[in-house]
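Each value in this text was obtained by applying a stated rule to the coordinates, not by laboratory testing. Given the structure is predicted, the values throughout are model-derived calculations rather than measurements. Note: ideal-geometry Cβ built from the backbone for every residue, glycine included; neighbour counts use all protein chains shown.
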Amino acid sequence: MNTPLNVELRRVICDPRLYKDSFPFRAELWLDGVQYGIVENDNNGGTPLFRDSKGAMMLREYAKTLPKIRNVYEGYVSEYPASADTIVSDLLTEWIVTQDIKKDMKRNWVYTLKGNDCDVYKTSQATIITSQMLRLRFKDEVEHILNLMEPKDAAKLMIAYENRKMAKKAEEPLAAVDKKRTKRNSKA
């Protein structure tokens, strides 16, 4: 059995505002604590370019051991195999969300509420000064206060919430289609 490969992007240079067909970025690729060159994308919608063939090959082999990726978009569900590109894309997404959450946490309390597994809320720190006040205001309905977490962990939580939200949105149109089919079939 293959052991998990520790894949990291370090020294990332990326400006999400320049998004066209993909995020332009340049980063160092690290596998199990060893640098394997640079990976980059020039924003032309193509796949990331790996500047080190050995690192790219190791990442491709590792991707083959991963489970299929389930994608939900506008009511359609698809599955496809993991690849070196999807691994890098997921790491870049995590990096971008981490940067965004760091900005949000400077002036806001960022939190989730119990019983709501999809939404992340923000409240200005000017209005509520401490995490205890935040909990008091919402009568202990606060489940996670992202400001009290490491930014990378907070980003992973936000990504998980966003994925659940997209999955729920995808189920709604499918349920509506099923209702129409059932209604149509019952008339016949």
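Some points to look at:
- Under Karplus coefficients 6.51, -1.76 and 1.60, residue-wise ³J(HN,Hα) of the stretch 123-137 in Hz, glycine/proline x: 9, 4, 6, 6, 7, 10, 8, 10, 5, 5, 5, 4, 5, 5, 4
- Environment charge at Ile128 (Cβ cut-off 13 Å; Lys +1, Arg +1, Asp -1, Glu -1): +4
- What the Cβ-Cβ distance of Asp42 and Gln99 gives, at R0 = 22 Å and to the nearest 0.05, is a FRET efficiency of 0.60.
- Label point distance in nm, Phe138-Gln125, each placed 7 Å from Cα along Cα→Cβ: 1.7 nm
- A cut-off under 11 angstrom between Cβ atoms defines the neighbours of Phe50, and their net charge, with Lys, Arg +1 and Asp, Glu -1, is 0.
- Members of Lys64/Lys168; Lys106/Lys152; Lys68/Lys103; Lys106/Lys156 lying beyond 25 Å, as alpha-carbon distances in this model show: Lys64/Lys168; Lys68/Lys103
- Residues Lys68 and Asp153, FRET efficiency given R0 of 22 Å [Cβ-Cβ distance, rounded to 0.05]: 0.30
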